[in-house]
Amino acid sequence: MNESTVKRVAFVGNYVPRQCGIATFTTDVCEAVAAAFPETSCMALPVNDTEAGYAYPPRVRFELSEKDVASYRRAADFLNINNVDVVCMQHEYGIYGGPAGSHILALLRELRMPIVTTLHTVLQEPLPEQRRVLEEVAALSDRLVVMSRRGVGFLTDIYGVPPEKIDFIHHGVPDVPFVDPSYHKDLFGVEGKMVLLSFGLLSANKGIETVIAALPAIIARHPEVVYMIVGATHPHVLQHEGESYRLSLQRLAQKLGVAGNVIFHNSFVTLEQLIEFISAADLYITPYLNAAQITSGTLAYTVGAGKAVVSTPYWYAEELLADGRGVLFPFGDSAALAKQVLELLDEGAHRHAMRKRAYLFGREMIWPAVAQRYMESFGRARTECRHSAPPGYAVKPLDQRSTDLPPLKLDHLHRMTDDTGMIQHAKFAVPNYHEGYSIDDNARALVASVLLSELETGNGPSLEPASRYLAFVHYAFNPETGRFRKFMDYRRNWLDSRGSDDSHGRTLWALGTVLGRFAIPSLRGIAGQLFEQALPAIPDTTSPRGWAFALLGIHEYLRRFEGDRLVNRIRDELAERLVELYRACRSEDWCWYEDRLTYCNAVLPHAMLMCGQWIPDGEMCEIGLESLHWLAAVQHSDGPDVHFSPIGSNGFYVRGGERARFDQQPVEAHVMASACLEAYRCTGDPCWMTEARRTFEWFLGRNDLNLPLYDPITGGCRDGLHPDRPNENQGAESTLAFIQTLLELRLAENTIPNGTAP
């Protein structure tokens, strides 16, 4: 196996527009790999240090919350089901939550693909917690990348990492031309000046005061010198200390009489702007105060651009500036710094020779070369991968149920299922092969299988029959249209190239349910592929019910992967569409989204309730509850014995007209009961549990004809209620409507307090 097999890479770290060096590096390495290997799909999973997050680019697929360890586990689930070939994790103690950044371990422990970790800090004298975290990171990673030779030595000598597990890869740098500094000086109004430069996020450990203290001696001989300090104050420093450090530097410059020679650019500059600043510099200075720095992006950038560099002897500078690529001066020694700067300013030939040596060395560090090295490391990691699937999840026993709900009987469900999937229709209780199969019924059956798995006993859910229904869904997907085909005849011939908008939304509901709730990783893997491929088509559909079913699936998916930005964005768009429909249509006597009630009506308020809770959005919750209240009242019978009486399919209910009483469909009872259970979870109001139970009793005979739809002998459900009798055929949709409603009530008993309320 080599790097050509790496088709999907996820980069975990910080990401622009967050302002920090790790964010810049993660973005650069991700984009470099994507550019060098266009056949490889690259995604990013950044860590947010604020609740609001950042306006990330589309490359970002999932966001982690720094201090929420559960978000790290959800990110692991997201990566596992998205068939990622390699995870490239950026390790720096300060960007992850927990003691010494230990929250990242919760993610790494759950991953089932190879991990390549880039270490941005390797401490020579770690605290006990720092040592523990790094040692576990090293153990969980298949490859470790360091950006200095000293880092390799520290890993082997201090942390006991085998040298064959370590890859030395330079810090990447932009590929810029070797130009004369004067070419860019006019951009900053420093024509004719000798420019000294330091850049990076400002904080007290950067040692900028050492350079300002050296300026009087430098300017005495070279009054044309200006010192440019480029970079905003570090956001965390700004939050806790404000601009006190920058202000202290300005006061020092004024005190020493060099304020006119110091230029502050107090902003976080783009890469293009940074290259211009570097190009305009004659000398670059890194006056850091601490030797324990194993890498520095700012130093790498300037060496790669062919700048003459003067630096304190921190670890990375000693290595990168060796062999005449720069000069060093002691920490905090402004006199020594002034001496080095003056020598380079006085001796132009020496300065230009240093620049050339640095530039030639930097050719090994440009991002295309670094991307190639990373892909080689990914390939080695894939070859050496040692990950295995985690154990299954515990499930609740099936026999924890109340006595007043009928027992679960799956005989007819199994009878209607063959090697292909769920057969669409039945003659009485006999499968009707003439009618073949539909995607809708297999999607419903897949949802029912997931619900059933949550109630099963033993060693966890079995692959059957869920795998059969999921296989049908997989086969139904048409990659040419990005949609699911709907109808298949019994000879397994597809009868269409794409199904309806509703069936597409319903299938997304099923896939999202598998991803959010099913415990078998192998099924979640294929469901994840289909969900990702099919979801982009739903915003182009026009059916509100299709949107609503898709929203149910999206929220099931977000149970496990709430940080997925793409899915959240589609969720928000669909939810807002439903809100706009409701605002446009609602009146005092018609609290609905359209000018008619048709089929699967309750799925619309159900979707609104879920969006209102998860986004969260108070108006959406209010819309969901108001419309569900109104629908419940419309679907109540007249007379003393109030029972569920759904809108009939023989004419439906057009605004201002008469509602159709028949034919009443079992699917209406299911979506209504499901929405009422969601309303109960949302509000805790027992009236909604009462409404859910009342709706379920429609199947058992508490309906307009006082006749049962459910057949306890076969385990099937009759296809509807005519004006004078039930429809005796027991098709897939009807049977699944009953089974799903029963399963949801069973789960409510186990998971909702007072779930057995009458």
Which aspartates and glutamates have a Cα less than 17 Å from the Cα of Lys185, not counting those fewer than 8 places away in the same chain? Glu224, Glu272, Glu276, Asp282
Could you tell me the relative contact order of the chain? Use alpha-carbon pairs under 8 Å, at least six residues apart, and round to a whole percent. 10
Contour minus Cα-Cα span, Trp590 to Ala35, at 0.36 nm per residue, comes to 194.3 nm
May I ask for the angle, rounded to the nearest 10°, between helix 732-751 and the longest principal axis of the chain, with both axes built from Cα atoms and the value confined to 0 to 90°? 60
Cβ neighbours within 10 Å, averaged per peptide: list 589-597, 38-46, 603-611 in order, most packed at the top. 603-611, 38-46, 589-597
Relative to the first principal axis of the alpha-carbon coordinates of the chain, what is the inclination of helix 21-36, with its axis defined by its Cα atoms, in degrees from 0 to 90 and to the nearest 10? 70
Taking 41 Å as R0, compute the FRET efficiency from the Cβ-Cβ separation of Gln529 and Glu164 and round it to 0.05. 0.75
Neighbourhood charge, 12 Å Cβ-Cβ cut-off, centred on Cys687 and excluding it, Lys, Arg +1 and Asp, Glu -1: 0
Kindly state, to the nearest 0.05, the FRET efficiency for Asn266 paired with Ser543, given R0 = 60 Å and r defined as their beta-carbon distance. 0.70
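Antiparallel DSSP bridges in the chain: what percent, to the nearest 5?
Details: 19 of 63 bridges.
That works out to approximately 30 percent antiparallel.
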Specify which residue in the list Ser182, Val269, Ala213 is farthest towards the positive end of the charge dipole of the range 181-362, using unit charges on the beta carbon of Lys, Arg (+1) and Asp, Glu (-1), about the Cα centre. Ala213
Highest mean first, how do 218-225, 168-175 rank when packing is the count of other Cβ atoms within 10 Å averaged over residues? 168-175, 218-225
If you add up the charges near Val370, with Lys and Arg at +1 and Asp and Glu at -1, over every other residue whose beta carbon is less than 12 angstrom from its beta carbon, what do you get? -4
Whole angstrom only: what separates the Cα centroid of the range 1-54 from the Cα centroid of the range 354-373? 21
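So what is the calculated 222 nm ellipticity per residue for the chain, using -39500 (n - 2.57) for each DSSP H run with n of 4 or more, over all residues, to the nearest 500 deg cm²/dmol? Present the calculation step by step, with values, prior to reporting the outcome.
Details: 26 runs with 343 residues, N = 758.
Using -39500 (n - 2.57) per qualifying helix, the result is -14500 deg cm²/dmol.
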For the range 78-146 versus the range 549-628, the gap between their alpha-carbon centres in whole angstrom: 39
Roughly how far apart, in whole Å, are the Cα centres of the range 476-533 and the range 165-214? 53
To the nearest 20 debye, what is the magnitude of the charge dipole of the chain about its Cα centre, counting +1 on the Cβ of each Lys and Arg and -1 on the Cβ of each Asp and Glu? 1460
Enumerate the lysines that Lys409 could reach by cross-link, defined here as Cα to Cα under 19 Å, with residues fewer than 8 away along the same chain left out. Lys396
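Do the alpha carbons of any pairs in Lys165/Lys206; Lys193/Lys255; Lys7/Lys67; Lys165/Lys356; Lys193/Lys339 sit beyond 25 Å of each other, and which pairs? Can you show the working numbers first?
Numbers: Lys165/Lys206 33 Å; Lys193/Lys255 22 Å; Lys7/Lys67 31 Å; Lys165/Lys356 34 Å; Lys193/Lys339 19 Å.
Checking Cα-Cα distances, Lys165/Lys206; Lys7/Lys67; Lys165/Lys356 exceed 25 Å.
How big is the charge dipole of the range 466-562 about its Cα centre, in debye rounded to the nearest 20, if each Lys and Arg gets +1 on its Cβ and each Asp and Glu gets -1 on its Cβ?
Numbers: 13 positive and 9 negative charges, 72 e Å.
Value, rounded to 20: 340 debye.
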Please turn the phi angles of the range 243-260 into ³J(HN,Hα) values with the Karplus equation 6.51 cos²θ - 1.76 cosθ + 1.60 (θ = phi - 60°), one per residue in order, whole Hz, x for glycine and proline. 9, 4, 5, 4, 5, 5, 5, 5, 5, 5, 4, 5, 4, 8, x, 10, 4, x
Taking a ≥ b ≥ c as the square roots of the Cα gyration tensor eigenvalues, with a/c under 1.5 meaning rounded and otherwise prolate when a/b beats b/c, else oblate, which class fits the range 434-559? oblate
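FYI, it's all coordinate maths here, none of it is from the lab. Just so we're clear, the structure is a prediction, and the values are computed from it rather than from any experiment. Counting neighbours? That spans all protein chains shown, and the Cβs are built from the backbone with ideal geometry, glycine included.
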